[in-house]
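Colleague: Before we start, here is the structure in question, set down as C-alpha cells.
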Amino acid sequence: MLPAPSPHAALILVDVQPDFMPGGALACHEGDAIVAGIDRLLRTRAFRHVVATQDWHPRDHVSFAANHPGRAPFEQIALHGRPQTLWPAHCVQGTPGAALHPAIDWSAADLILRKGSDPGVDSYSAFRENHGPDGARPSTGLAGWLRERGIDEVYLCGLARDVCVLWTAQDAVALGLRARLLWDLTRPVTPDGDAATRATLQSLGVGID
Ligand code: VGL
Ligand code: ZN
C-alpha cells in the first residue's frame, strides 16, 4: 500500500456509480474491478479528507446522443465551439445508475459533490464544468472547499480514467495542488488510450501510484 498520506491530503473518488460499471449505461472497461479496492481503502480511514463526486445529469442533457436526432453515442459534435463526445444517456438524476455505488461504504466521505446538472454544459472535472456558451468553465466550488481546509494534495481514483479522472487531474495541477493517481483504482472508457493517458499525467507531474 501507499505510505501514509499527509493530513493535508484529500482522497477524491470520481464517479463511482453503477452506470459506469459493465452492464451500465456508459460502461468503463472492467469498471467493477475498482469497487472492492475503494471500499477497502475507505475502511482504512487513511485519509483525513474524502470527497466523492457524482455525475448527475437531467434527462435533457446536451451530452446525450438521444437528445441529438440522427446522432449516435460516441460520435463527436461541436458544442460551444469545442468538440463534444455524445454519450449514451447515463447518470440521470435520481435513477439507480446514478447512485453512489451500493457495494461501497461511503460513510467516510466528507463531501459528496454532484456535477453535470446544467442541461447545456458537460462536466467532467470535479473542479470545473466543461466550456459553456461564453467560453468559460464554471467552478464547482471544490477548489475553495479544499483551500479552506488547508488541503494541498489530492489522491485521485474512480471513473473514467481517460475522462473525468484525467480532467480532474489536469485541473488539480492547474490549481497548484499536488496530485497523485491511484492507477489500479481507475478504469477507462477506452483502454486503447491508456498509454496516452499515462503520458499526459506524467507530463503534468501527476504521480502515478
Ligand atoms: C464521464 C463521460 C461522461 C466520467 C462522465 O465519469 O468519466 N464520462 N460523463
Ligand atoms: Zn456524464
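Colleague: Condition first: among the basic types (K, R) and either in contact with a Cys (Cβ under 7 Å, 6 or more places away or on another chain) or away from ligand 2 (no atom under 14 Å from the Cβ) (or both). Can you find one or more residues in segment 54-61 that meet it?
Modeller: no
Colleague: On to the next question. Restricting to segment 96-110, count the residues that are closer than 27 Å to A65 by Cα and either of a type in the set (A, V, I, L, M) or without any contact (Cβ under 8 Å) to a residue 40 or more places away in the chain (or both).
Modeller: Final tally of qualifying residues: 3.
Colleague: Within 20 Å of T168 (Cα to Cα) and away from ligand 2 (no atom under 14 Å from the Cβ): which single residue out of V14, V35 fits that description? Reasoning before the result, please.
Modeller: Numbers: V14 fails: away from ligand 2 (no atom under 14 Å from the Cβ).
The conditions single out V35.
Colleague: Same structure, new question: Looking at I34, I38, which one is over 24 Å from P133 (Cα atoms), away from ligand 1 (no atom under 13 Å from the Cβ) and not in a loop (DSSP other than H, G, I, E, B)?
Modeller: Criteria check complete, one pass: I38.
Colleague: Can you spot a residue in segment 183-191 that is over 20 Å from F20 (Cβ atoms), touching a residue at least 24 places away in the same chain (Cβ under 8 Å), in contact with a helix residue (DSSP H, G or I) (Cβ under 8 Å, 6 or more places away or on another chain) and more than 15 Å from ligand 1 (Cβ to nearest atom)?
Modeller: No, because not a single residue in segment 183-191 is over 20 Å from F20 (Cβ atoms), touching a residue at least 24 places away in the same chain (Cβ under 8 Å), in contact with a helix residue (DSSP H, G or I) (Cβ under 8 Å, 6 or more places away or on another chain) and more than 15 Å from ligand 1 (Cβ to nearest atom).
Colleague: For P7, all conditions in the list (1) away from ligand 2 (no atom under 15 Å from the Cβ); (2) surrounded by 15 or more Cβ atoms within 10 Å (Cβ to Cβ); (3) closer than 24 Å to E153 by Cα hold save one; what is the number of the exception?
Modeller: (2)
Colleague: Just the residues that are crowded, with 24+ Cβ neighbours inside 10 Å and over 15 Å from R187 (Cβ atoms), please, taken from segment 11-46.
Modeller: Once the filter is applied, which keeps residues that are crowded, with 24+ Cβ neighbours inside 10 Å and over 15 Å from R187 (Cβ atoms), segment 11-46 yields L11, I12.
Colleague: Go through (1) in a loop (DSSP other than H, G, I, E, B); (2) closer than 17 Å to L2 by Cβ one by one and return the number of the condition L182 breaks.
Modeller: Here L182 meets the rest and fails (1).
Colleague: Which one is surrounded by the most Cβ atoms within 10 Å (Cβ to Cβ), of the residues in segment 184-209 that are among the small types (G, A, S) and at negative phi? Quick ask: steps written out before the conclusion?
Modeller: Let us first name the residues in segment 184-209 that are among the small types (G, A, S), namely 193, 195-196, 199, 203, 205, 207.
In the following step, the residues that additionally are at negative phi were identified as 193, 195-196, 199, 203, 207.
Details: G193: 16, A195: 9, A196: 12, A199: 10, S203: 8, G207: 14.
Once the filter is applied, the top-ranked residue is G193.
Colleague: Can you tell me which of (1) touching a strand residue (DSSP E or B) at 6+ places or on another chain (Cβ under 6 Å); (2) closer than 20 Å to A27 by Cβ is the one L182 doesn't meet?
Modeller: So L182 meets the others, but not (2).
Colleague: Can you name the residue in segment 120-145 that is more than 12 Å from ligand 1 (Cβ to nearest atom) and among the charged types (D, E, K, R) and is also farthest from L156 (Cα to Cα) among such residues?
Modeller: Looking at the filtered set, the residue picked out is D134.
Values quoted throughout were computed directly from the atomic coordinates according to the rules given, and no laboratory measurement underlies them. Everything numeric in this text was worked out from a predicted model, so none of it was measured. Cβ sites come from the backbone with ideal geometry, for glycine too, and all protein chains shown count toward neighbours.
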